[in-house]
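Here is the structure we will look at.
The values are calculated or read from the model by the stated rules, or taken from the named source; none is laboratory data. These figures come from a predicted structure and were not determined experimentally. Here the Cβ is made from the backbone with ideal geometry for all residues, glycine too, and neighbour counts use every protein chain on show.
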Amino acid sequence: MKGFFRALYEVIGSPQPSSEVPVYREVIFPNIGLLNIGITLALLVLFYLVINRWMRVATFSRPSHWSIMLLVNVIIAFIIVIAQVKGQNVVEHSYMYWLALLNAIYAALFFFLFSLVFRKLSVNASTTPF
Amino acid sequence: MAKLFLFGIGGTGSRVVRSLTMLLAAGVDLPNCQQVVPIIIDPDAQNADMNRTVQLLQTYQQIHKRLGPREEGFFKTDISTLSSISQDVNGSVKDTFVFDFGGINRSFRDYLGYNNLPVESKALVEALFTQDNLESPLTIGFRGSPNVGSVVLNRIVESPEMRFFADNFQQDDRVFFISSIFGGTGASGFPLLLKNLKDPNTRLSNSRYLRDALTGAVTVMPYFALQSEDNQVIDSNNFLTKTKAALGYYENHLPGLDALYYLADTPDTPYDNQPGGTGQRNKAHIIELLAALSIVDFMSYSAGDIRSNNGPLFHEFGLETDTPDVQFQHLPTETKEQVAQNLTQLLYFSRYHKQHMGSDEAPYAKNLNLQYAQKNEPIFRQLEQFLHSPDFGVDAWLTELSQNRRSFRPFNLTTDDFNLMIQGKPVETGFFSKGISRNYLLDALNTREKKVQDADNFRKLITLMYDVTDEAFRDKVKVV
């Protein structure tokens with residue numbers, strides 16, 4: 001698990017400053033990765049199942065509505081990196097923002113990919129985003 | 001396959017056929033027949049009422065053809081032209097809903113060959129017909145003169161259309177005549193046609209089937225008046241006199257008729273005095289709708305029920321309440337049950353189609369490829385015409401019914417809110433239920449779309465809309 005998230009987040013290079021590499025690899029990467037996936041799944045359940053199936057809301061199913069959910073996911077993914085890094089009291093570095101941006105990109109990617117599965121379970125958003 | 005041959009005679013005939021087409025489009029059941037064959041008999045080829053009825057019938061026919069036979073749903077009843085019920089080997093019958101008079105563009109005098117008649121016959125003609133009758137061009141019909149109509153229409157029985165009709169008449173087929181009694185074409189055409197079809201010495205084929213066929217008719221007595229103007233040929237002050245005279249004749253000259261429906265109303269706001277042609281375009285009237293329902297009623301009886309009496313059954317109709325604005329609650333229970341749900345479903349369909357369908361990006365619309373189909377597939381444009389054409393569409397028909405006097409106004413046609421569309425019967429809403437909202441209908445369409453298996457996107461759409469509006473009515477409206 002740790003190796004997976006390390007590979008995922010070190011595509012932009014090793015954590016900075018180098019003195020903080022262990023805490024990033026041992027704590028922050030797994031935390032933000034799991035949170036990212038968890039929150040993405042929660043938002044997808046909310047959009048595809050709760051709103052567009054169980055609540056039978058049929059007017060919040062367009063690609064524009066899906067984009068709003070994706071944007072929320074991206075913003076949360078960005079914020080949780082800042083919160084995690086600050087919560088671990090690591091030395092501040094601009095790397096934190098690059099990592100937050102990367103996590104946001106992964107959030108968008110996960111949201112899109114998981115949508116392809118979740119949409120099949122939905123009634124009113126079964127063709128969203130396409 | 002039992003057929004109903006429907007003779008719509010004169011302007012009233014066309015208008016009643018229009019109403020019947022709307023009822024059948026709404027899914028009203030027409031029992032004991034698999035096919036309706038309207039034959040509109042009106043020498044006035046330019047008559048606006050007739051032409052828009054023909055447009056409506058043609059559009060219906062196209063839509064039904066695409067949909068095919070179904071147990072229930074919008075457009076479920078097959079409406080066909082006379083020539084399409086069988087192969088016409090001679091090619092003498094045109095593929096049209098209108099009887100072909102072959103363009104009788106001459107005066108009645110020339111039609112009779114008056115100038116070549118012997119003196120005695122000329123005297124007889126002058127005794128029976130006014131100068132105005134003799135000079136009137138037949139191109140716009142008989143202008144309220146049944147004495148003219150009875151001569152011209154007598155030749156119909158020798159026409160290729162009537163021979164084709166008789167050749168294809170089968171044992172369980174039925175015949176129904178629609179006519180008014182206070183005009184020219186209907187008043188003369190109905191007894192003439194009946195007499196010819198039931199004539200034991202007729203030269204038409206299948207004469208035994210024709211004679212034994214269950215035969216009904218609706219005779220519409222005066223229900224509108226015409227503006228009184230100098231030099232107008234038709235004077236509506238004579239309608240009652242003409243009605244009495246015709247009734248006197250009908251009393252003993254309707255052989256073989258099994259059921260006769262009488263309808264009338266007290267005229268209110270007079271129509272423009274147009275004897276025929278493109279100017280004769282009357283707003284739809286509740287009497288025409290009720291006349292169309294008489295056909296449904298006639299078809300609902302079995303042969304045994306109809307023939308249980310010795311002689312014809314006579315029917316009249318009365319409202320529960322005498323009101324100038326008729327709503328569903330003013331109709332007798334039986335009539336309400338026949339039409340209320342189906343007409344409401346048709347209105348919901350039309351409204352949803354107009355307001356939302358074009359912009360729906362929901363799964364049902366995407367799976368039906370609806371946006372492309374509505375722009376590019378001809379059958380979807382036919383549907384658009386049927387529902388929204390300002391000339392002959394459903395919207396226009398409902399609006400005309402609501403504007404006429406007496407009005408049939410069961411719907412609030414000015415609102416976009418589905419919950420408020422039935423007059424006097426708003427759908428209950430609350431915090432947890434928004435009634436029949438766009439969301440409700442969209443969700444129902446998406447849910448239903450997953451269950452309906454049909455490769456044809458048009459047929460699937462019509463099925464979906466029927467099922468969804470049916471569910472909306474049963475769940476939310478319940479009764480009216």
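If only one of B:Gln385, B:Gln423 is more than 14 Å from chain A (Cβ to nearest Cβ), surrounded by 17 or more Cβ atoms within 10 Å (Cβ to Cβ) and modelled with pLDDT under 95, which one is it?
The conditions single out B:Gln423.
Which residue is nearest to the other protein chains (Cβ to nearest Cβ), if the candidates are limited to region A:21-51 and must be among the small types (Gly, Ala, Ser) and closer than 19 Å to A:Leu8 by Cβ?
This residue is A:Gly38.
May I ask you to verify whether B:Ala26 is among the hydrophobic types (A, V, I, L, M, F, W, C), in contact (Cβ under 8 Å) with a residue 60 or more places away in the chain and surrounded by fewer than 20 Cβ atoms within 10 Å (Cβ to Cβ)?
Here the answer is no, as B:Ala26 does not meet what is asked.
Kindly establish whether B:Phe165 is surrounded by 17 or more Cβ atoms within 10 Å (Cβ to Cβ) and part of a loop (DSSP other than H, G, I, E, B).
Criteria not met by B:Phe165.
Kindly establish whether B:Asp265 is modelled with pLDDT of 85 or more, acidic (Asp, Glu) and closer than 26 Å to B:Pro324 by Cβ. So that I can check it myself, show each step before the final result.
Details: modelled with pLDDT of 85 or more: yes; acidic (Asp, Glu): yes; closer than 26 Å to B:Pro324 by Cβ: yes.
For B:Asp265, the condition - modelled with pLDDT of 85 or more, acidic (Asp, Glu) and closer than 26 Å to B:Pro324 by Cβ - is met.
With the requirement that a residue be modelled with pLDDT of 85 or more and among the acidic types (Asp, Glu), what does region A:11-33 give you?
Correct list: A:Glu26 only.
Which members of region A:63-100 meet the condition of being within 14 Å of another protein chain (Cβ to nearest Cβ) and surrounded by 18 or more Cβ atoms within 10 Å (Cβ to Cβ)?
Hits for region A:63-100 are A:His65, A:Trp66.
What number goes with the only condition from (1) in contact (Cβ under 8 Å) with a residue 60 or more places away in the chain; (2) crowded, with 21+ Cβ neighbours inside 10 Å that B:Tyr440 does not pass?
Among (1) in contact (Cβ under 8 Å) with a residue 60 or more places away in the chain; (2) crowded, with 21+ Cβ neighbours inside 10 Å, the lone unmet condition for B:Tyr440 is (1).
Looking only at residues that are of a type in the set (Asp, Glu) and part of a helix (DSSP H, G or I) in region B:329-365, which one is nearest to the other protein chains (Cβ to nearest Cβ)?
Ranking the qualifying residues of region B:329-365, first place goes to B:Glu337.
So which residues in region B:400-438 are assigned to a loop (DSSP other than H, G, I, E, B) and under 19 Å from B:Asn342 (Cβ atoms), if there are any at all?
Selection gives B:Arg409, B:Pro410, B:Asn412, B:Leu413, B:Met421, B:Gln423, B:Gly424, B:Lys425, B:Val427, B:Ile436.
Just to be sure before I move on: is A:Trp54 within 16 Å of A:Phe110 (Cα to Cα) and within 14 Å of chain B (Cβ to nearest Cβ) in the structure I sent? Walk me through it before giving the result.
Values: within 16 Å of A:Phe110 (Cα to Cα): no; within 14 Å of chain B (Cβ to nearest Cβ): yes.
In short, no.
Here are A:Val45, A:Val21: which of them is assigned to a helix (DSSP H, G or I) and free of Cβ contacts under 8 Å to residues at least 24 places away in the same chain?
Of A:Val45, A:Val21, the one residue that is assigned to a helix (DSSP H, G or I) and free of Cβ contacts under 8 Å to residues at least 24 places away in the same chain is A:Val21.
Please identify the pairs in which a residue from region A:106-130 that is away from every other protein chain (no Cβ under 14 Å) and surrounded by fewer than 16 Cβ atoms within 10 Å (Cβ to Cβ) has its Cβ atom under 8 Å from the Cβ atom of a residue that is in a loop (DSSP other than H, G, I, E, B) and modelled with pLDDT under 95, counting only partners at least 6 apart or on another chain.
Every condition considered, the pairs that remain are A:Phe112/A:Pro129.
If you scan region B:426-480, which residues turn out to be among the polar types (S, T, N, Q), within 11 Å of chain A (Cβ to nearest Cβ) and closer than 17 Å to B:Asn367 by Cβ?
B:Asn446, B:Thr447
Just to verify a result, which residue in region B:179-202, among those that are more than 12 Å from B:His253 (Cα to Cα) and of a type in the set (A, V, I, L, M, F, W, C), is surrounded by the most Cβ atoms within 10 Å (Cβ to Cβ)?
Only one residue fits best here, namely B:Ala187.
Which pairs do you get when a residue that is assigned by TED's automatic domain parsing to the domain that holds B:Leu464 and of a type outside the set (A, V, I, L, M), found in region B:358-376, comes within reach of a residue that is assigned to a loop (DSSP other than H, G, I, E, B) and surrounded by 21 or more Cβ atoms within 10 Å (Cβ to Cβ), reach meaning Cβ atoms under 7 angstrom, with the pair 6+ apart or on two chains?
From region B:358-376, the pairs are B:Pro363/A:Asn124; B:Pro363/A:Ser126.
Do any residues in region B:57-80 that are without any contact (Cβ under 8 Å) to a residue 60 or more places away in the chain and farther than 19 Å from B:Ala455 by Cα have Cβ atoms under 9 Å from those of residues that are part of a helix (DSSP H, G or I) and of a type in the set (Val, Ile, Thr), where the two are at least six apart or on different chains, and which pairs are they?
B:Leu57/B:Val17; B:Leu57/B:Thr21; B:Ile79/B:Thr21
Just one of B:Val16, B:Val37 is of a type outside the set (Gly, Ala, Ser), farther than 25 Å from B:Leu464 by Cα and crowded, with 24+ Cβ neighbours inside 10 Å; which is it? Full working, then the answer.
Numbers: B:Val37 fails: crowded, with 24+ Cβ neighbours inside 10 Å.
The match here is B:Val16.
Going by what's in this entry, would A:Phe60 be described as hydrophobic (A, V, I, L, M, F, W, C) and within 14 Å of another protein chain (Cβ to nearest Cβ)? Explain how you work it out, then say what you get.
Working: hydrophobic (A, V, I, L, M, F, W, C): yes; within 14 Å of another protein chain (Cβ to nearest Cβ): yes.
In short, yes.
Report whether or not B:Asn404 is over 18 Å from B:Phe74 (Cα atoms), modelled with pLDDT under 95 and more than 14 Å from every other protein chain (Cβ to nearest Cβ).
Working: over 18 Å from B:Phe74 (Cα atoms): yes; modelled with pLDDT under 95: yes; more than 14 Å from every other protein chain (Cβ to nearest Cβ): yes.
Taking the combined requirement at face value, the residue satisfies it.
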